[in-house]
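Data block below; observations after.
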Amino acid sequence: MAFSKQLAIIYPNREFGGIYSLGPLILFNIVNKIPGWRCSRQYLDSNNLKGINLIGFTMQYELDFYNFEKILLKNNISLEKSRKEIIFAGGPCVNTNTKPMENYIDFFILGNVENVISSVLELYTNNKDEFLKNISKIKGVYIPGLNKKIDNFDIDLDKIEYPILQPFPDRITEEFVFGRVFMLEIERGCPFACKFCLMKKFYDKVHYRSLDNIKQIIDQGVKINKVNKIIIYSPSFTHPKRKEILKYILSKGLEFSVPSLKVEYVDKELLELIKNGGQKTLTVAPECNELLRKSIGKDISDEIFFKFIDYANFYNFKKIKYYMMIGLPEQTEKDLGELVDFIELSKKRFKGELYVSINPFVPKPGMQFENHIFDKKLIKKQLMFLKKHLKVKFKVANINLSHKEWLLANSSDFRQI
Ligand code: SF4
């Protein structure tokens with residue numbers, strides 16, 4: 001079959017990470033079913049944009065703006081919009097703020113791409129010359145200077161097509177951390193409203209996929225892709241049928257991996273299911289000490305984390321990952337001292353390995369804490385405090401890069417940063 005038109009969806013980072021991204025898979029599945037269109041997934045380390053009609057970028061985080069530039073340069077495509085190629089972007093980082101990329105992107109797809117893409121392609125096919133003007137009427141398509149942003153975050157997950165086909169390259173290295181798996185998205189949005197998170201800006205309510213639909217997706221997905229492991233995608237894993245979902249996966253003889261857990265949603269039965277699914281490491285995000293945790297919108301006591309550790313010990317989990325933040329609004333030395341105590345107590349209590357990751361908080365437009373200043377000097381001082389007092393080994397994100405991420409997120413043009 002001859003394809004007259006091509007769309008490339010680019011994950012502007014390495015393939016071993018991008019292969020697990022759901023956004024490109026959604027486009028890949030929808031576009032390849034539209035007669036006359038072909039869609040390819042491309043990456044920072046594997047791209048060829050010759051002959052592509054529509055070039056899409058899925059922007060995950062701000063530092064990838066530079067990779068966007070690299071990819072265009074490598075393909076001899078101008079950053080200026082006067083070029084002949086049409087470039088669009090979507091993904092969490094442009095949903096947050098389109099400004100830094102507006103000078104270089106012809107149109108943005110904001111919110112749920114499933115609601116939009118078929119109409120966009122139809123209008124391209126019908127009239128290439130008037131294309132941008134015509135798509136400016138579609139809700140969720142934003143063309144800087146031509147129309148206004150209209151929210152496109154409402155969706156019924158049971159009514160949209162699931163990206164069942166999830167191909168992997170023939171040869172994968174161990175950098176592909178999950179191996180060959182099937183990605184299962186069970187919910188979009190989150191019922192919580194942590195002040196340092198953007199989720200609430202996008203989805204004011206949680207969209208849960210129904211259990212029946214999830215079961216069908218699992219059946220088809222593992223059969224078509226010939227895999228025996230499922231990775232569950234969800235921002236906070238609060239699906240009311242989460243145990244039933246895990247039980248169903250187990251009944252099929254499959255392994256699975258769950259995302260970061262909300263400890264207050266964990267009981268022994270859930271951990272037993274996770275253990276039986278083959279997962280050895282549990283990930284949670286206490287973020288900071290108990291008092292500050294409450295004021296940033298996560299009202300969970302240290303005691304609940306300790307109870308979680310007891311359950312993890314009971315089922316002999318080998319590793320717990322803690323994600324913590326510094327540079328939070330009003331985070332004092334007293335808070336850091338309590339954070340040290342909390343981590344030390346957790347370490348003593350857990351029989352396995354406690355992995356601690358310390359990350360600077362990066363305020364972004366749309367968060368409740370959006371106006372907080374990223375104070376590099378203060379963050380470095382906080383880090384010194386932790387290095388001095390915390391006996392448990394920890395990993396730290398690169399503060400200079402986090403600072404750059406903050407500057408980019410709040411900029412009006414990423415090339416000026
Ligand atoms: S940090 Fe997690 S729990 Fe809090 S709002 Fe964001 S996704 Fe939800």
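A few points about this structure:
- Pairs meeting the criteria (first residue in region 273-301 and touching a residue at least 12 places away in the same chain (Cβ under 8 Å) and under 23 Å from F342 (Cβ atoms), second residue among the small types (G, A, S) and crowded, with 21+ Cβ neighbours inside 10 Å, beta carbons under 6 Å, at least 6 apart or on different chains) are L282/A312.
- Taken over region 17-62, the criterion of being crowded, with 21+ Cβ neighbours inside 10 Å, among the aromatic types (F, W, Y) and more than 21 Å from E85 (Cα to Cα) is satisfied by no residue.
- Filtered residues of region 344-386 (kept if among the aliphatic types (A, V, I, L, M) and either assigned to a helix (DSSP H, G or I) or without any contact (Cβ under 8 Å) to a residue 60 or more places away in the chain (or both)): L345, L354, V356, I358, V362, I373, L378, I379, L383, M384, L386
- Among residues of region 293-341, those that are β-branched (V, I, T), surrounded by fewer than 21 Cβ atoms within 10 Å (Cβ to Cβ) and in contact with a helix residue (DSSP H, G or I) (Cβ under 7 Å, 6 or more places away or on another chain), counted: 3
- Region 387-417 - residue that is small (G, A, S) and either part of a helix (DSSP H, G or I) or under 21 Å from I105 (Cβ atoms) (or both) and, of those, farthest from the chain's Cα centre (by Cα): S412
- Extreme residue, surrounded by the fewest Cβ atoms within 10 Å (Cβ to Cβ), among residues of region 63-107 that are in a helix (DSSP H, G or I) and at pLDDT below 95: P92
The values are calculated or read from the model by the stated rules, or taken from the named source; none is laboratory data. Everything numeric here is computed off the predicted structure, so don't read it as measured data. Cβ atoms come from the backbone with ideal geometry, glycine included; neighbour counts cover every protein chain shown.
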